[in-house]
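A.B. asks: Just passing along the structure, written as structure tokens.
The values are calculated or read from the model by the stated rules, or taken from the named source; none is laboratory data. Computed from a predicted structure; not experimentally measured. Here the Cβ positions follow ideal geometry from the backbone for every residue, glycine too, while neighbour counts run over all protein chains shown. Surface areas here come from the heavy atoms of the whole protein model, side chains and all, with no ligands, DNA or RNA. Shrake-Rupley method; radii C 1.70, N 1.55, O 1.52, S 1.80 Å.
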Amino acid sequence: MTTILLALVIGAAFGAVLDRVGASNPSFIGAMLNLTNLNLAKSILLAIGVGSVLMFGGQMLGLVDVGHMSVKAAYAGVFLGGLLLGAGWALSGFCPGTGVVAAASGRRDALFFIAGGLLGAAAYMVTYPAWKSSGLLDAVAGGKVTLGAVPGAKYDGLTALPGDILGLFLGLGFVALAFALPERLNGAPAHAQPAE
Amino acid sequence: MQLNWKVGGLLLGLVFFAAVWLVKPIGVSTQFVILDGIVAEAVNPGLVTQTADSFTSTNTYLAKSGGKYAKAVSNPLNYSFVFVIAMMLGGLLSALARGGIPTADRQVPTLWRANFGDGKIKRYAAAFVGGFIVLYGARLAGGCTSGHMMSGMMQTAVSGYIFAAGAFAAAVPVSLILFKKEA
């Protein structure tokens, strides 16, 4: 029952924050992906950095259970699937999580996204054996690996670097990248930027 | 309407951290499979069956990894499924608290309207086709923007970087081609 309560609290917080950062608004996703307004990209980079620093820092202090990490396998299909997801993400302005939040907040087009998504997931369930036998789901680069081995975790490291210290520094790198990224990369500003 | 990127990014990071601290990393796209399974099981009972120590299915995908998807289909009141329902509640309350989304934008978002006009059918068709490609791709990749990109890169997972490279390699060119006008 505790886990269900945590699902409700963390899930609701995630949905609310996605709404407030603009991630469930297709216009903001589109403006990020056509490189005209990168504020959302800056938020995402900062979030990855903050999450990373807190998780690895917490692990090093013994406050965060390393066993809660869950690393997905690397295989050729990850890149291929990423390409497909990226194309559909750009076209629709939704990804699975933001589509669900958008539909709940009243966006009608998101209902069509979910319907298409359910059909797409079902299509994969049916075609899965073909992918499996193609070898594109076979592990590459060690499969479930992190960039460096994290002490106490069940995953190997791609490099010999200490995974927790590397994670902490990469986290800080993501934070720095979030600040360094300009607000737009494509064309001239549409309006004057307010001074910081 | 959009939070300042620093505040928004900090809050988003805190949520991703809270999830891995208290339970496990956030992921969403698997739940589309679970809902498909629940619907299919209702229409065609016997898709998912209980074994001596777990669950299995006549569908190879639901039966993989020791039947963990089959188990979730048979018991929807599990952490990951409830998490997605809660996301919807949180998103709805947040949107209502800031006054809701304008009716016109609910049907055809402003950026789409600036580039393709205000026809609803065209927008809904694009969202449907996009949804199909997104979820087919997410299942092929084994995760989506939440699970692979954000949770993955946060944990320094090699797969997260591979996924993000693929996603942006397609998303940016497609968006540059489709959305030439700004909202």
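A.B. asks: Out of (1) among the hydroxyl-bearing types (Ser, Thr, Tyr); (2) at pLDDT below 95; (3) closer than 19 Å to A:LEU181 by Cβ, the odd one out for A:SER52 is which?
C.D. replies: (2)
A.B. asks: Which residues, counting only those in segment A:1-28, are surrounded by 23 or more Cβ atoms within 10 Å (Cβ to Cβ) and out of contact with any helix residue (DSSP H, G or I) (no Cβ under 7 Å at 6 or more places or on another chain)?
C.D. replies: Hit for segment A:1-28 is A:ASN25, nothing else.
A.B. asks: I'd like to verify a number: residues in segment A:154-176 that are open to solvent by 90 Å² or more (accessible area, probe 1.4 Å) and within 18 Å of the chain's Cα centre (by Cα), how many?
C.D. replies: Here the count works out to 1.
A.B. asks: Right, A:PRO151: buried (at least 21 other Cβ atoms within 10 Å of the Cβ) and not hydrophobic (A, V, I, L, M, F, W, C) or not?
C.D. replies: Details: buried (at least 21 other Cβ atoms within 10 Å of the Cβ): no; not hydrophobic (A, V, I, L, M, F, W, C): yes.
No, not satisfied.
A.B. asks: Here's a follow-up. With respect to A:SER24, is the statement that it is under 19 Å from B:VAL84 (Cβ atoms) and either among the hydrophobic types (A, V, I, L, M, F, W, C) or within 7 Å of another protein chain (Cβ to nearest Cβ) (or both) true?
C.D. replies: Numbers: under 19 Å from B:VAL84 (Cβ atoms): yes; either among the hydrophobic types (A, V, I, L, M, F, W, C) or within 7 Å of another protein chain (Cβ to nearest Cβ) (or both): yes.
So A:SER24 passes the test.
A.B. asks: So is B:THR156 facing another protein chain (nearest Cβ under 7 Å), open to solvent by less than 10 Å² (accessible area, probe 1.4 Å) and not charged (D, E, K, R) or not? Give the steps one after another, and end with the answer.
C.D. replies: Working: facing another protein chain (nearest Cβ under 7 Å): yes; open to solvent by less than 10 Å² (accessible area, probe 1.4 Å): yes; not charged (D, E, K, R): yes.
In short, yes.
A.B. asks: Among the residues of segment B:23-78, how many are within 12 Å of another protein chain (Cβ to nearest Cβ) and basic (Lys, Arg)?
C.D. replies: Final tally of qualifying residues: 2.
A.B. asks: Turning to a different aspect of this structure: I need the full set of residues from segment A:46-103 which are more than 7 Å from chain B (Cβ to nearest Cβ), of a type in the set (A, V, I, L, M), under 30 Å from B:GLN2 (Cβ atoms) and in contact (Cβ under 8 Å) with a residue 40 or more places away in the chain, in order please.
C.D. replies: A:VAL53, A:ALA102
Here is a yes/no grid of residues against (1) under 25 Å from A:GLY97 (Cβ atoms); (2) within 16 Å of the chain's Cα centre (by Cα):
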position: B:PRO45; (1), (2): no, no
position: B:PHE55; (1), (2): no, no
position: B:SER65; (1), (2): yes, no
position: B:SER80; (1), (2): yes, yes
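A.B. asks: Mind checking whether some residue in segment A:149-172 is more than 7 Å from chain B (Cβ to nearest Cβ), closer than 27 Å to B:ALA70 by Cα, assigned to a strand (DSSP E or B) and of a type in the set (A, V, I, L, M, F, W, C)?
C.D. replies: Scanning segment A:149-172 turns up no residue that is more than 7 Å from chain B (Cβ to nearest Cβ), closer than 27 Å to B:ALA70 by Cα, assigned to a strand (DSSP E or B) and of a type in the set (A, V, I, L, M, F, W, C).
A.B. asks: For segment A:1-21, name all the residues that are more than 7 Å from every other protein chain (Cβ to nearest Cβ) and among the hydroxyl-bearing types (Ser, Thr, Tyr). Steps first, answer last, please.
C.D. replies: First, pick out the residues of segment A:1-21 that are more than 7 Å from every other protein chain (Cβ to nearest Cβ): A:1-2, A:5, A:9.
Correct list: A:THR2 only.
A.B. asks: Same structure again: Would you point out which residue out of B:ALA125, B:ALA95, B:ALA114 is modelled with pLDDT of 95 or more and touching a Gly at 6+ places or on another chain (Cβ under 7 Å)? It would help to see each step written out before you state the result.
C.D. replies: On the way: B:ALA125 fails: touching a Gly at 6+ places or on another chain (Cβ under 7 Å); B:ALA114 fails: touching a Gly at 6+ places or on another chain (Cβ under 7 Å).
Step by step, each of B:ALA125, B:ALA95, B:ALA114 is checked, and only B:ALA95 is modelled with pLDDT of 95 or more and touching a Gly at 6+ places or on another chain (Cβ under 7 Å).
A.B. asks: I'd like to know if segment B:90-107 contains one or more residues that are of a type in the set (Ser, Thr, Tyr), open to solvent by less than 60 Å² (accessible area, probe 1.4 Å) and part of a helix (DSSP H, G or I). Walk me through how you get there before you give the answer.
C.D. replies: First, pick out the residues of segment B:90-107 that are of a type in the set (Ser, Thr, Tyr): B:94, B:103.
From what is left, the residues that are open to solvent by less than 60 Å² (accessible area, probe 1.4 Å) are B:94.
Subsequent filtering for residues that are part of a helix (DSSP H, G or I) retains B:94.
Looking for residues that are of a type in the set (Ser, Thr, Tyr), open to solvent by less than 60 Å² (accessible area, probe 1.4 Å) and part of a helix (DSSP H, G or I), one finds at least one in segment B:90-107, hence yes.
A.B. asks: Identify, by number, the condition in (1) touching a residue at least 12 places away in the same chain (Cβ under 8 Å); (2) out of contact with any Ser or Thr (no Cβ under 7 Å at 6 or more places or on another chain); (3) more than 7 Å from chain B (Cβ to nearest Cβ) that A:SER134 doesn't meet.
C.D. replies: The one condition A:SER134 does not meet is (1).
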